1. Can you tell me the accessible area per residue over region 1-129, all protein chains present, probe 1.4 angstrom, in square angstrom?
2. Shape call for region 58-136 from the C-alpha gyration tensor, a ≥ b ≥ c root eigenvalues: rounded (a/c under 1.5), prolate (a/b greater than b/c) or oblate?
3. Report the residue, chosen from 64, 117, 103, that carries the largest GNM mean-square fluctuation when the chain is represented by alpha-carbon nodes joined by springs under 10 Å.
4. Pick from 115, 51, 89: which is most flexible by mean-square fluctuation in a GNM of the chain where alpha carbon atoms under 10 Å apart are linked?
5. Rounded, prolate or oblate: which fits region 29-94 when a ≥ b ≥ c are the square roots of the eigenvalues of the alpha-carbon gyration tensor, with rounded for a/c under 1.5 and prolate only if a/b beats b/c?
6. Using a Gaussian network model of the chain whose springs link C-alpha atoms within less than 10 Å, name the residue from 114, 100, 124 with the highest mean-square fluctuation.
7. Tell me whether region 1-64 comes out rounded, prolate or oblate; compute the Cα gyration tensor, take square roots of the eigenvalues as a ≥ b ≥ c, and use a/c under 1.5 as the rounded threshold.
8. Through the Karplus equation 6.51 cos²θ - 1.76 cosθ + 1.60, θ set to phi - 60°, convert the phi angles of region 19-26 into ³J(HN,Hα) values in whole Hz; use x for Gly and Pro.
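The values are calculated or read from the model by the stated rules, or taken from the named source; none is laboratory data. For clarity, every value in this text was computed on a predicted model and none was experimentally measured. To get the accessible areas, we keep the full protein, side chains included, count just its heavy atoms, and leave off ligands, DNA and RNA. Shrake-Rupley method; radii C 1.70, N 1.55, O 1.52, S 1.80 Å.
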Amino acid sequence: MSQRRIIIAEPCGFCSGVRNALAMIEKKLEKTTENIYILKGLIHNNGIAAELRKSGCIFVEDVEDIPPGSETVFGAHGVSAKVKALAAERMLHVTDATCPLVEQLQRQAAAVTPEQELVLFGHPGHPELEGVLGHA
């Protein structure tokens with residue numbers, strides 16, 4: 001019997017969508033002294049989220065939790081078309097940091113016709129899945 005070796009992968013950092021979202025937020029923080037509301041979280045990293053909170057970012061789960069006219073960021077996971085419409089109604093100053101790959105999925109979901117079937121794999125309730133389904 002041959003010996004097998006197990007190699008544990010090192011963490012590889014954030015995907016380009018998350019790096020882009022963080023860069024957008026950093027630019028916003030440089031230009032404002034107001035709180036910045038981040039809808040549906042930004043990333044799955046408690047340490048980075050804590051640093052953003054210290055910098056004046058407030059994480060919220062619902063667009064209606066954001067005061068009208070506030071600086072707002074849609075996280076890398078994206079949001080549904082309904083959320084975008086609600087944000088416009090509330091006159092939020094939105095920076096859409098949705099990952100380009102997620103935007104592509106949203107466009108593809110929106111193009112699905114009633115004769116077609118959309119199959120998505122993911123965790124129920126996850127913001128990315130909700131956002132994509134919200135474009136179907």
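1. Here the residues of region 1-129 average 68 Å² of exposed surface.
2. prolate
3. Among 64, 117, 103, the largest mean-square fluctuation in the Gaussian network model of the chain belongs to 117.
4. In this elastic network of the chain, the residue with the biggest mean-square fluctuation among 115, 51, 89 is 115.
5. Oblate.
6. 114
7. prolate
8. So the Karplus estimates, Gly and Pro as x, are 4, 5, 4, 4, 5, 4, 5, 4 Hz.
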